[in-house]
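Presented below is the structure to which this report refers.
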Amino acid sequence: MNNQKTTKNSPEKVILEKGKKYFWCTCGLSGKQPFCDGSHKVSTDFKSMHFEVEETKEYYLCNCKKTNNQPYCDGSHNK
């Protein structure tokens, strides 16, 4: 299995903190969407995406996995 799974067609509003490391789920299998919980390791070749933010504030993270601005929502779920 190596197919990306869409978890929902809307972004996830989250507060992210400057200086903290985050791992965004790229496969859609994580039970902690939009963050990675390691589920990809069992049956896919996907890798989680490590990222950090420049300031503490609200962000909208992609759940549909179609964004061109990973890990942030760019509205691709509406296309």
- Task: Pull out the extension gain between residue 49 and residue 69, defined as 0.36 nm times the separation in residues minus the alpha carbon to alpha carbon distance; nm, one decimal.
- Result: 6.0 nm
- Using just the helices of the chain, give the 222 nm mean residue ellipticity in deg cm²/dmol: DSSP H runs with n ≥ 4 each add -39,500 (n - 2.57), and the total is spread over all residues, rounded to 500. -500 deg cm²/dmol
- Give the Debye-formula value of log10 I(q)/I(0) at each listed q (0.24, 0.26, 0.28 Å⁻¹), with one equal scatterer per alpha carbon of the chain, two decimals each. -1.14, -1.27, -1.39
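Please identify every one of the trypsin sites (Lys or Arg not before Pro) in the range 16-62 that sits in a loop by DSSP and has no more than 10 other beta carbons within 10 Å of its own beta carbon.
Hits after loop and neighbour filter: 18, 20, 21.
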- Hey, in the GNM for the chain with a 10 angstrom Cα cutoff, which one of 28, 19, 38 fluctuates hardest? 19
- Give the residue from 46, 22, 62 lying farthest towards the positive end of the charge dipole for the chain; charges sit on Cβ (+1 for Lys and Arg, -1 for Asp and Glu) and the dipole is referred to the Cα centre. 46
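Throughout, read-outs are computed from the coordinates displayed, never taken from laboratory work. Everything quoted here is computed from the prediction, not taken from an experiment. All Cβ positions, glycine included, derive from the backbone under ideal geometry; neighbour counts span all protein chains shown.
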